[in-house]
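Chemist: One structure follows; several queries about it will come next.
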Amino acid sequence: MAALAALAVLAGPIVAAAQEPPPPGVSPALSPEGAIDEQVWRAPVAPGVSLFAVRRLDGQGWVDLFALVVDLDTPGVGVDVLTGPTLTERQPISQLAAQAGAVGAINGDFFHLGTSGAPAGIVVKSGKPWKSPYPGGRPSVAVTRTPEGLRAYIARFRLNAVLTVMEPSTGRAPQQAGQPPRPATLQVAAFNEPSLTPGQVGAFDERWGSAPLPLARWSPDQVAFARLAQVPGEPGRWTVTRMGRGVPATGPGPGEMVLLGWREGADALAGRLSPGVVCAWETAVTPDEAASLPAWAAGKPVWAAISGGSLLLSAGRPVVDARQPGEPFTRHPRSAAGVGRDGRRLILVTVDGRRATSRGADVVELVMWLQRLGATDAVNLDGGGSATLAALTGPGKLSVVNQPSGGQERAVPVGLGVFFEPGPSTGPGAFVLKPAAGQTGPALDGYHLGAGGLVAAAGTPARITSFPPVEPASLLWTVDPPDLGFFPEPGAFVGLRSGKGRVIALQANGAPAWSSSESLFRDAANGDPVVELARALPQIQVAAAALPVEVIGRPVALEVTPSLIRLTSGQPVQLHAWLVDADGRRAPIDPDDVTFWLRGGAEGWVRDGQLTARPFRSADPPVLEARYLQLRAEVPIEWAEQTPTGGPVRPPAITPAAPEHLPGATGQPLAND
């Protein structure tokens, strides 16, 4: 019988991993059992990639957590660093992810806020070093490729960069008469690093960007530079085109590299380089503590790596350091990257904070969240206003799923992206199912999820799509149990009764038509429909995906949100609509399927789910009326404060507060507010 592809099934709630006892001082109220209320949503993003959203109330208040959990064993799953064209050109993480084609992403390292904008620590992207590690070393999350697939680990790294001077005429290393060739080498201590220390030589290439080079405030007699150009057609070969004292007015352009030397480093440049000399450039990053690496990571080149501020978990044990950046024992928005299952799982976590509905987390609480998600090793990433998690929440829709504390995304220089690329195959490939429309809590566009999956109202079609996109008519659809509902057409599920189950879609080579396969599924009521189909038709190849579904009862009410609409004349407000059953359970419906009227002191329209209106002279208060089937709802409307003439007052401009700064080791500020 042909091999049956793995069934992608949504798992249940987060299960606490067996770990060491929490560090002293941790409140028992932070344990899973200590919650007054805790809701856990889990949504498929791509094969091997799941999105968690946790809404928790305990004795300390409310907190929202979001996490991407990545199974690195899944064929087609990839991880890489996200950047703009250069290290100093910052962009929102959702923009970086969308440009790269990622299905999920998290913000990365701390960065030099207010100066160069460059990340503080190591950057390795697609196997190539973009930036050297932070001076003195910081823990980093790294991904390597093994014969078994991708693996992730936490380590500290060092830069190995050497410039070997060659003879211009022969391309050989210079030598003295009667002696064997002896290369003249120049050790480079920093690569695209925004700060240097006395005695160092630093290299900058076009990936540095347009930000000013360091050392400009030092006397020219202490600083020297060399400008190099790539030798056409000879990778790794560079020619010295110019040398001088001080810092050059312009940085490296395309195909250029600039070397800076400070004090003894300036002497080293002047003693080894001169215009016209050809050099061989080699750079790599290697683990700083090779003995502590997992056996599968030893000797493997780094494919992707970014640094963090501090270590949070090591071999399952919490690491809490009061000296780490970001006010570790104060609650703030946080981001972190964790590793579990011997490097086969990558966990990217963001905790919202600095608002009434989510208090944030200190590093102790962050460690406990990481442990609950199965991490054994973890590193703290940049937090505060930088903390952002994005994911593919609908077909072609990459969304920010948390609520950044600044009210909008902060532009950052680096992030970590998750990818899914189906491999070349003539047979069915892995895919996941997604609800095609609706809303979910908290703050996830594209879904309405209960603890178990999709929530649908009986008798109302719920559209289901897939990722990667598969034409619904080419899939075989069924429901388990069969009496929970049916598919009148591919991709359109209609519930028949209240209850829980799953909808299943199969992509099959050589399978019968969709309508006849439906009868095969229904004959398998006492077993797994996927397995039964494979047994009935052993000649076919099958890839399957499932989505948990809960069907609520017959709708008895229509609900429209927001429940109180506050309007400024001419400014649109997004509407959402829900069907509610007798037990108070809700299922989303498309606002475009709802009929809306404006009554009383308002006139306007609803288009694409957005209400746009303006005041209308009437003695009756303004109301939005909604109707769907035989259900009706009314939503009161309030206007922004009125002027004496009756026109709306423009809201006062809000001046952002000055950001907080965290001094770096070099005295340059890093973002962590």
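Chemist: With a ≥ b ≥ c taken as the square roots of the eigenvalues of the C-alpha gyration tensor of segment 191-239, please select rounded if a/c is under 1.5 and otherwise prolate if a/b is larger than b/c or oblate if it is not?
Modeler: Values: a/c = 2.39, a/b = 1.83, b/c = 1.30.
The shape class here is prolate.
Chemist: Give a quick list of GluC sites (Glu not before Pro) in segment 226-292 that DSSP marks as loop, anything other than H, G, I, E or B, with at most 14 other Cβ atoms within 10 Å.
Modeler: Numbers: sites: 256, 264, 282, 289; in loops: 289.
Those satisfying the criteria are 289.
Chemist: Same structure again: Segment 305-387: which trypsin sites (Lys or Arg not before Pro) are DSSP loop and have at most 11 other beta-carbon atoms within 10 angstrom? Numbers along the way, then the final one.
Modeler: Values: sites: 323, 331, 334, 341, 344, 345, 354, 355, 359, 372; in loops: 323, 331, 341, 344, 354, 359.
Passing both the DSSP loop test and the Cβ count: 323.
Chemist: While we're looking at this one, here's another question. Return a whole-number percent for the relative contact order of segment 202-334, with Cα pairs under 8 Å and 6 or more residues apart as the contact set.
Modeler: Numbers: 183 pairs, mean separation 29.7, N = 133.
Result for segment 202-334 is 22 percent.
Chemist: Next question. Taking amide hydrogens as modeled 1.01 Å from N in the peptide plane, which residues meet the under 5 Å criterion relative to residue 466, leaving out close sequence neighbours?
Modeler: Placed amide hydrogens put 434 under 5 Å from residue 466.
Chemist: Report, largest value first, the span of the C-alpha coordinates of segment 35-146 along each principal axis, in whole Å.
Modeler: The Cα atoms of segment 35-146 stretch 45, 38, 27 Å along the principal axes, largest first.
Chemist: Let me ask something additional. Between residue 146 and residue 489, what is the label-to-label distance in nm when each label sits 7 Å out along the Cα-to-Cβ direction?
Modeler: The two pseudo-label positions are separated by 4.8 nm.
Chemist: Given the pairs 434/500; 125/397; 131/434, which span a C-alpha to C-alpha distance of over 27 angstrom in this model?
Modeler: On the way: 434/500 17 Å; 125/397 24 Å; 131/434 38 Å.
Over 27 Å apart, Cα to Cα: 131/434.
Chemist: Quick check on segment 239-281: take the gyration tensor over C-alpha atoms, sort the square-rooted eigenvalues as a ≥ b ≥ c, and tell me if it's rounded (a/c under 1.5), prolate or oblate. Could you put the intermediate results ahead of the total?
Modeler: Values: a/c = 1.86, a/b = 1.14, b/c = 1.63.
In terms of gyration-tensor shape, oblate.
Chemist: Taking Cα pairs under 8 Å and at least six residues apart, what relative contact order does segment 257-368 come out at, in percent? Provide the component values of the computation, followed by the final result.
Modeler: Details: 94 pairs, mean separation 18.4, N = 112.
Value for segment 257-368: 16 percent.
Chemist: Next question. Where a ≥ b ≥ c are the square roots of the eigenvalues of the C-alpha gyration tensor, would you call segment 451-490 rounded, which needs a/c under 1.5, or, failing that, prolate if a/b is larger than b/c, or oblate?
Modeler: On the way: a/c = 1.79, a/b = 1.39, b/c = 1.29.
Judged from the Cα gyration tensor, segment 451-490 comes out prolate (a/c at least 1.5, a/b above b/c).
Chemist: Another question, then. Suppose R0 equals 25 Å; then what is the FRET efficiency for residue 564 and residue 57 from their Cβ-Cβ distance, rounded to the nearest 0.05?
Modeler: So, using R0 = 25 Å, E works out to roughly 0.60.
Chemist: What FRET efficiency do you get for residue 625 and residue 355 if R0 is 22 Å and r is their Cβ-Cβ distance, rounded to the nearest 0.05?
Modeler: Values: r = 33 Å, r/R0 = 1.48.
Efficiency for this residue pair is about 0.10.
No value in this document is a laboratory result; all are computed from the given coordinates. Just so it is clear, the model here is predicted, and its values are computed rather than measured. For neighbour counting, all protein chains shown are included, and Cβ atoms are generated from backbone atoms with ideal geometry for every residue, glycine included.
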